[in-house]
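Asker: Below: one structure in structure tokens.
The values are calculated or read from the model by the stated rules, or taken from the named source; none is laboratory data. Keep in mind the model is a prediction, meaning the values are calculated, not measured. Counting neighbours? That spans all protein chains shown, and the Cβs are built from the backbone with ideal geometry, glycine included.
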């Protein structure tokens, strides 16, 4: 999962980034409202942690602009403004949650998990380029052609599509799909990914399933330029 932290206090931003990355999240930061809004509009993030007292554009203004343009990325507001009217204002502007500073990091993590779970559960049709996966009918299609997947392949592909904006490691795939600690001596992850790659990419000049050296695997929109690692 990819999280954007919009926070102008360097120590706080560094603390949040370090703590969230330790939990397995990918984290980017912005130190002012304008930069934060621009990054939030990219569509790359699953969650935004948004401070209110920001330079250039405050958090309320950023949130209002995002919601006005129907950008529905979940937003958790973090602020020293903890009066009831501030909380109500933030929620009325479209925040999904509001956590006053100072806060306990374990509570922040619980709220992050809750918002991400709620957001991901709401997505039933996943798309990466011309690849589409319907989690209700459990059907996969690329370029109008149906793809036959086993139950395990479907679960693996669903996880990769929900996390397509960044590489997923073999350890992550093993934990989420197989539910056990990764054994570096086994190649079961690579075997299944290769099965999926053959079913999805065979016959297509642009390849969606990519191996990111030293990091794992990643799905890329075939219509976009290949990322340089």
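Asker: Of the numbered conditions (1) assigned to a loop (DSSP other than H, G, I, E, B); (2) closer than 27 Å to residue 167 by Cβ, residue 95 fails exactly one; give the number of that condition.
Answerer: Residue 95 satisfies all of (1) assigned to a loop (DSSP other than H, G, I, E, B); (2) closer than 27 Å to residue 167 by Cβ except (2).
Asker: Which residues, counting only those in the stretch 87-118, are in contact with a strand residue (DSSP E or B) (Cβ under 7 Å, 6 or more places away or on another chain) and within 30 Å of residue 149 (Cβ to Cβ)?
Answerer: Once the filter is applied, which keeps residues that are in contact with a strand residue (DSSP E or B) (Cβ under 7 Å, 6 or more places away or on another chain) and within 30 Å of residue 149 (Cβ to Cβ), the stretch 87-118 yields 115, 116.
Asker: Looking at 16, 54, which one is touching a helix residue (DSSP H, G or I) at 6+ places or on another chain (Cβ under 9 Å), at pLDDT 90 or above and outside any loop (DSSP other than H, G, I, E, B)? Even if it seems obvious, please write down each step before you answer.
Answerer: On the way: 54 fails: outside any loop (DSSP other than H, G, I, E, B).
Result of the check over 16, 54: 16.
Asker: Residue 73 - would you say it is under 19 Å from residue 13 (Cβ atoms) and modelled with pLDDT under 90? Quick ask: steps written out before the conclusion?
Answerer: Values: under 19 Å from residue 13 (Cβ atoms): yes; modelled with pLDDT under 90: yes.
Taking the combined requirement at face value, the residue satisfies it.
Asker: Between a first residue in the stretch 106-122 that is at pLDDT below 85 and a second residue that is assigned to a helix (DSSP H, G or I), which pairs have beta carbons less than 7 Å apart while being 6 or more apart in sequence or on different chains?
Answerer: Listed by first residue and then by second, the contacts come to 120/162.
Asker: Moving to a separate point now. Test residue 44 against the stated conditions and say whether it is touching a residue at least 24 places away in the same chain (Cβ under 8 Å), surrounded by 14 or more Cβ atoms within 10 Å (Cβ to Cβ), over 26 Å from residue 176 (Cβ atoms) and touching a strand residue (DSSP E or B) at 6+ places or on another chain (Cβ under 9 Å). Show your work before the answer.
Answerer: Numbers: touching a residue at least 24 places away in the same chain (Cβ under 8 Å): yes; surrounded by 14 or more Cβ atoms within 10 Å (Cβ to Cβ): yes; over 26 Å from residue 176 (Cβ atoms): no; touching a strand residue (DSSP E or B) at 6+ places or on another chain (Cβ under 9 Å): yes.
Here the answer is no, as residue 44 does not meet what is asked.
Asker: Quick check: anything in the stretch 149-164 assigned to a loop (DSSP other than H, G, I, E, B), outside the structural domain of residue 45 (by TED's automatic domain parsing), closer than 20 Å to residue 25 by Cα and at pLDDT below 90? Spell out how you get there, then give the answer.
Answerer: Here is the first cut: in the stretch 149-164, the residues assigned to a loop (DSSP other than H, G, I, E, B) are 149-150, 163-164.
Adding the requirement that they be outside the structural domain of residue 45 (by TED's automatic domain parsing) leaves 149-150, 163-164.
Subsequent filtering for residues that are closer than 20 Å to residue 25 by Cα retains 163-164.
If we keep only those that are at pLDDT below 90 too, we end up with 163-164.
Yes, there is a match, as at least one residue in the stretch 149-164 is assigned to a loop (DSSP other than H, G, I, E, B), outside the structural domain of residue 45 (by TED's automatic domain parsing), closer than 20 Å to residue 25 by Cα and at pLDDT below 90.
Matching residues to (1) touching a helix residue (DSSP H, G or I) at 6+ places or on another chain (Cβ under 8 Å); (2) buried (at least 19 other Cβ atoms within 10 Å of the Cβ); (3) more than 30 Å from residue 8 (Cβ to Cβ):
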site	(1), (2), (3)
62	yes, yes, no
82	no, no, no
87	no, no, no
102	no, no, no
118	no, no, no
143	no, no, yes
165	no, no, no
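Asker: Looking only at the stretch 19-51, count every residue that is farther than 27 Å from residue 218 by Cα and either part of a helix (DSSP H, G or I) or out of contact with any helix residue (DSSP H, G or I) (no Cβ under 9 Å at 6 or more places or on another chain) (or both) and tell me the total.
Answerer: The initial filter retains those residues of the stretch 19-51 that are farther than 27 Å from residue 218 by Cα, namely 31-34, 50-51.
Next, from what is left, pick out any that are either part of a helix (DSSP H, G or I) or out of contact with any helix residue (DSSP H, G or I) (no Cβ under 9 Å at 6 or more places or on another chain) (or both): 32-34.
Adding up the residues that qualify gives 3.
Asker: Oh, and also: For the stretch 77-91, name all the residues that are modelled with pLDDT of 85 or more and in a helix (DSSP H, G or I). Steps first, answer last, please.
Answerer: Applying the first criterion (modelled with pLDDT of 85 or more) to the stretch 77-91 yields 77-78, 88, 91.
Across the stretch 77-91, the qualifying residues are 88, 91.
Asker: In the stretch 50-60, what count of residues is obtained for those that are surrounded by 21 or more Cβ atoms within 10 Å (Cβ to Cβ) and farther than 14 Å from residue 98 by Cβ?
Answerer: Residues meeting the conditions: 1.
Asker: Check whether at least one residue in the stretch 137-156 is under 17 Å from residue 1 (Cα atoms) and within 22 Å of the chain's Cα centre (by Cα), and report yes or no.
Answerer: We begin by selecting, within the stretch 137-156, every residue under 17 Å from residue 1 (Cα atoms); these are 155-156.
Adding the requirement that they be within 22 Å of the chain's Cα centre (by Cα) leaves 155-156.
Yes, the stretch 137-156 contains a residue that is under 17 Å from residue 1 (Cα atoms) and within 22 Å of the chain's Cα centre (by Cα).
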